[in-house]
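Working notes for the structure below.
Just so it is clear, none of the values below were taken in a lab; they were calculated from the coordinates. Just so it is clear, the model here is predicted, and its values are computed rather than measured. Here Cβ is always computed from backbone atoms with ideal geometry, including for glycine, and neighbour counts include all displayed protein chains.
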Amino acid sequence: MSGLYVVTGAGPVGWTVAEQLAEQGWRVRVLTRSGSGPDHPQIEKLKADVSSPGMLGNAFEGAAAVFHCIHGSSYSAAAWQRELPAAEQAVLAAAGEAGAVVVFPESLYSYSNPREVMTEASPRDAAGGKRGIRTALLRARAASPTDTVSVVAGDFFGPRVRMAHAGERMVPAILARRPLQVVGSADQPHSFTYVPDLAAAMIRAAGKPEVWNRVLHAPTNPPLTQREIAQTFAGAAGVPAPKVRAVPGWAVRTLGLFSPDMRELGEMLYQFQRPFVMDSRASEELLGLHPTPLHAAARETVEWWRSELAAARGTGRAPAGTPAGAPAEAPAGTATGTSRKP
């Protein structure tokens, strides 16, 4: 690759993509509503609402690739439907004018047969709610004249990943040696993707035109149960493995009668009540990448959380906890990846 690279959003995915590009020596422009992003000599931070077509022409001029890493203002299907399609169409149109490929982080939501191991060739025809919205977005990308790549990830973990099953809900409690509550089942295999591996795959895909206009899988280690990933974090932290208790599906659905957040979480319970596994080997071969070894990814995650919690104590702000609500999504124009899925 050469030239300028644009990143929309500065949550864990956008932030990590921008950092990796800058560390490789590329010039990076980060667009968010707040003007946030990593501090680096190679990174230019601009305030922009990427859902507004009129703001994107100049911002995308000269870009070789756009990494579209924003999400909805909430985790609700209504917010997704209201915000995401329009923002993607604006980005696709502006990137097409600039001659740039658009690279998207993507979730497993669109897979219509998640009872089987999900591969790049698996059907992506899920309907209804947030799953149907993700399906529609993929179809719109395929229909666009602008070149695109969608890189699918499992549930996020890693530095800067907060509101996630393997983030704020888990790691601070482990470090504090408290018991954990997880949803669904603690003992069903589940795919977790380390965010730096997702970012690396997105960057590599942007530079390989032969993989454009298709769906790839981010390098992802073999599946772990929620109990196993908690034990992995504990081992990396040098603390005892936590006691883990699962909140059953009926309890989540009952709470959903009173809490919109829990109602949204209940829609995705199927992912934690039975195996929910992706296979990334075909994409790894295409991209020449492999997932970060689990012990190293866990160590980096724990070290980041320790630093974050220490900073919170030093400033007097409330440290991150282990909320039981649904994953919060980053506001449009700010980030993808503060949530558990892109």
Open item on the list: Relative contact order of the chain, please, whole-number percent, based on alpha carbon pairs below 8 angstrom and at least 6 residues apart.
Closed with: 24
Task: Rg to Rh, two decimals, where segment 152-232 supplies the alpha carbon set and Rh follows Kirkwood - done: 1.06
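Do you know the Lys pair count in the chain for C-alpha distances under 28 Å, with sequence separation 8 or more or different chains? Walk me through the numbers on the way to the answer.
Numbers: Lys45/Lys208; Lys45/Lys341; Lys47/Lys341; Lys130/Lys341; Lys208/Lys341; Lys243/Lys341.
Going through the chain pair by pair, I get 6.
Could you tell me the convex hull volume per residue, in Å³, taken over the Cα atoms of segment 153-197?
Numbers: hull volume 3.6 nm³, N = 45.
That works out to 80 Å³ per residue.
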TODO: For the chain, build the charge dipole from Cβ charges (+1 Lys, Arg; -1 Asp, Glu) around the Cα centre, then report which of Leu84, Gln181, Val117 sits farthest towards its positive end.
DONE: Gln181
- [ ] In a Gaussian network model over the chain where Cα atoms closer than 10 Å are linked, find which of Ala241, Ala95, Ala311 has the largest mean-square fluctuation.
- [x] Ala311
Task: Cα-based helix-to-principal-axis angle, 77-98 vs the chain, degrees rounded to 10 - done: 30
Open item on the list: Stokes-Einstein diffusion coefficient for segment 89-229 at 4 °C in a medium of 1.567 mPa s, Rh from the Kirkwood formula over Cα pairs: what value in µm²/s?
Closed with: 78
- [ ] For Phe67, list long-range residues whose amide hydrogen, built 1.01 Å from N in the peptide plane, is under 5 Å from its own amide hydrogen.
- [x] Val6, Val7, Thr8, Val103
Task: Theoretical ellipticity at 222 nm over the chain - DSSP helices of four or more residues, -39500 (n - 2.57) apiece, nearest 500 - done: -11500 deg cm²/dmol
- [ ] Please report, in Å, the Rg and the Dmax of segment 1-84, where both are computed over Cα atoms only.
- [x] 12.8, 40
Task: Candidates Gly235, Gly314, Gly57: whichever shows maximal mean-square fluctuation once the chain is modelled as a Gaussian network with Cα springs under 10 Å - done: Gly314
